[in-house]
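The values are calculated or read from the model by the stated rules, or taken from the named source; none is laboratory data. A quick note: this is a predicted structure, and the numbers were derived from the prediction, not measured. We place every Cβ from the backbone using ideal geometry, glycine too, and count neighbours over all the protein chains shown. Note: areas computed on protein heavy atoms with side chains; ligands, DNA, RNA excluded. Shrake-Rupley method; radii C 1.70, N 1.55, O 1.52, S 1.80 Å.
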Amino acid sequence: MITLRSILFNTIFYANLIIRMIVLTPIYFLMPRKAAYAIPKAWAKSSVWLMKTIVGTTCEIEGLENIPAGSYIFAPKHQSFWDTFALLPYLDDPVYILKRELMWIPLFGWYAKKQRMIPVDRSARGKVMFDVLKRTREELATGRQLIIYPEGTRRPPGAEPVYKYGIARMYRDLNIPVVAVAMHPGLFWPRRTFRKYPGHFKVRILPPIPPGLDPDAFFARLIEETEKASDELLVETIANNPHLPVPPTAAQRLADIAKAKVAAAV
């Protein structure tokens, strides 16, 4: 049943995306930019509903009260395609820094361009990165929120964290709060496989880290707070979903957490 449900979900998920893009394109491009964000946000909500209805996966969001007004950096854990879109409806006017190649994709690139997403050539240095920072400041000056995945790429649940120091530089240069987010959608929508798994998980939005800290102190705090919440949610999610296939990275992390608790109790 998991295979059949996964095939059905994948088919409807991508059909829903493509059909909405085609049918709603005239409306989207006639609307003011920020108002037009309602269209991708509605798609995100429909995709979460499809995941619940077809696969049987539900999520619960904790800490919405921690989202500040105005501009901030939104810094989620990144495990799955799910976390690239599912939280969009909870943000007022988010902007991404994304690979410039994504802007070349028909329809998707046009939608992203209207929302003034910020393309970057990841192989570039120097002036290109200066221009990206300049564009980012311009967008944030209008009250937008910047989404950055601190680890840069999708990581399997429980994998040893590999945070990129770039977020500390952005924190220093932009001088705005950072809101970290811990979650494990990768247990239900794993990377590099079409299979999706039923169950329930939590998304935990942490209290914002205020601006003005030393970049190194900020970076250490971001890692410590995010990984602590991530470990707590990993233990809870696995315990509450015993049917899940546990990836080796998660199994190893669970063992390490258990050892640490035993050592602390001695």
query: In whole percent, how big is the carbon plus sulfur part of the accessible area of region 158-266, probe 1.4 Å, protein atoms only?
result: 59
- prompt: What percent do you get for the relative contact order of the chain when only Cα pairs under 8 Å and 6+ apart count?
  reply: 25
message: Nothing charged except the Cβ atoms of Lys and Arg (+1) and of Asp and Glu (-1): what's the magnitude of the dipole of region 80-150 about its Cα centre? Round to the nearest 20 debye.
response: 340
- request: Check the straight Cα-Cα distances from Lys259 and name the lysines below 21 Å, setting aside those fewer than 8 residues away within the same chain.
  value: Lys228
field: 5 angstrom amide H check on Val178, placed H, neighbours 5+ away
entry: Ile73, Ile209
field: Interchain or long-range residues, amide H under 5 Å from His200's placed H
entry: Thr58
- line: Asserting the computed 222 nm helical MRE of the chain (DSSP H runs at least 4 long, -39500 (n - 2.57) per run, divided by residue count, to nearest 500) equals -15000 deg cm²/dmol
message: Please list, in order along region 176-189, the HN-Hα scalar couplings obtained from phi with the Karplus expression 6.51 cos²θ - 1.76 cosθ + 1.60 (θ = phi - 60°), rounded to whole Hz, x for Gly and Pro.
response: 9, x, 10, 10, 7, 9, 10, 5, 9, x, x, 6, 10, 10
- prompt: What is the magnitude of the charge dipole of the chain about its Cα centre, with +1 placed on the Cβ of each Lys and Arg, -1 on the Cβ of each Asp and Glu, and no other charges, expressed in debye to the nearest 20?
  reply: 960
query: Each residue of region 190-201 in order: what ³J(HN,Hα) in whole Hz does its phi give by Karplus 6.51 cos²θ - 1.76 cosθ + 1.60, θ = phi - 60°, with x for Gly and Pro?
result: x, 6, 6, 8, 7, 6, 10, 10, x, x, 9, 9
message: Quick query: amide H of Ile61 versus all other amide H atoms, modeled in the peptide plane; which residues come in under 5 Å with a sequence gap of 5 or more or a different chain?
response: Val203
query: How do 148-161, 19-32 rank on mean C-beta neighbours within 10 Å, highest first?
result: 148-161, 19-32
field: Estimated vicinal HN-Hα couplings, Hz - region 31-36 in sequence order (Karplus 6.51, -1.76, 1.60; Gly, Pro = x)
entry: 7, x, 3, 5, 4, 5
query: Taking Lys99 as the anchor, which lysines have their alpha carbon closer than 27 Å to its alpha carbon, excluding any fewer than eight residues away along the same chain?
result: Lys34, Lys41, Lys45, Lys77, Lys113, Lys114, Lys127, Lys134, Lys164, Lys196
task: State in Å² the accessible area per residue of region 32-140; use a 1.4 Å probe, count heavy atoms of protein chains only, and round to the nearest integer.
output: 48
Highest average packing first - 91-97, 104-110, Cβ atoms within 10 Å: 91-97, 104-110
